[in-house]
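Encoded as structure tokens, the structure appears first; notes follow it.
Derivation of every value follows stated rules applied to the coordinates shown; laboratory data play no part. What you see is a predicted model, and the numbers here were worked out from it, not measured in a lab. All Cβ positions, even for glycine, are placed from backbone atoms using ideal geometry, and neighbour counts span all protein chains on display.
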Amino acid sequence: MTTFEKQIIETFVLFGIAIVIKLLVRKSVRQLLRKIDFEIKQQQLTQRIVNLFLSLFVLTALAGIWNIEREQLFVFLTSAITVVGIGFFAQWSILSNITSSLLLFFYHPMKIGQRIHVLDKEYNVEGQLTDISFFFLYIKNDEGHLITIPTSVALQKTILTNGN
């Protein structure tokens with residue numbers, strides 16, 4: 001058996017193991033989050049984060065299987081991180097919104113489906129919280145309009161909840 005054939009087999013085995021791990025982790029995370037009383041949207045976001053880390057692990061393992069030299073991998077990673085860093089520096093609000101969404105998601109007492117009131121000097125927003133994404137809070141007001149507020153802005157505002 002040639003080295004190339006071994007690498008192909010190892011790659012398929014790695015993908016098989018990754019699929020099994022993903023299914024087991026998905027089931028475990030879902031059960032844990034139900035016990036903590038997380039909403040469906042919160043469960044989905046947590047699953048995305050877990051999938052991101054699993055993908056990074058699989059990519060690292062693939063680099064080892066295919067004998068990518070450390071120097072080449074290091075040059076590629078530093079180049080990619082530099083490009084991403086420049087992009088984040090140019091659009092700092094993107095990183096700020098992602099961080100804010102995680103803080104609001106895990107540490108703020110508001111829940112999806114709950115009625116909230118965002119206090120702002122210029123424009124107060126009141127309605128039902130329908131979703132929290134990486135970038136926006138989605139609030140449906142009494143007139144049926146969908147209002148989006150960047151999560152970084154929402155983190156800086158006082159938010160009143162109805163306590164449900």
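A compact table of results
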{"read-out": "Two-decimal ratio, the chain, of alpha-carbon radius of gyration to 2.2 N^0.38 Å", "value": "1.38"}
{"read-out": "Mean Cα-pair separation over length for the chain, i.e. relative contact order, pairs under 8 Å, 6 or more apart, %", "value": "17"}
{"read-out": "About the Cα centre, charge dipole magnitude for the stretch 3-96 (Lys/Arg +1, Asp/Glu -1 at Cβ), debye", "value": "560"}
{"read-out": "Nonlocal amide H pairs with Ser133, under 5 Å, H built at 1.01 Å", "value": "Tyr138"}
{"read-out": "Computed magnitude of the charge dipole of the stretch 100-161 (debye, nearest 20; Cβ of K, R +1, Cβ of D, E -1)", "value": "200"}
{"read-out": "In the stretch 80-164, GluC sites (Glu not before Pro) in a DSSP loop with at most 14 other beta-carbon atoms within 10 Å", "value": "Glu122, Glu143"}
{"read-out": "The stretch 100-161: proportion of alpha-carbon pairs further apart than 17 angstrom, %", "value": "27"}
{"read-out": "Count, lysine Cα pairs under 18 Å in the chain, 8 or more residues apart or across chains", "value": "9"}
{"read-out": "Charge dipole (debye, nearest 20) of the chain; +1 at Cβ of Lys and Arg, -1 at Cβ of Asp and Glu", "value": "540"}
{"read-out": "Label-zone membership for the stretch 50-89, site Val29, 7 angstrom Cα→C-beta point, backbone N under 18 Å", "value": "50-60"}
{"read-out": "Helical mean residue ellipticity (222 nm; -39500 (n - 2.57) per DSSP H run of 4+; nearest 500) of the chain", "value": "-21500 deg cm²/dmol"}
{"read-out": "Chymotrypsin sites (Phe, Trp or Tyr not before Pro) restricted to DSSP loop in the stretch 32-140 with at most 14 other C-beta within 10 Å", "value": "Trp66, Tyr123"}
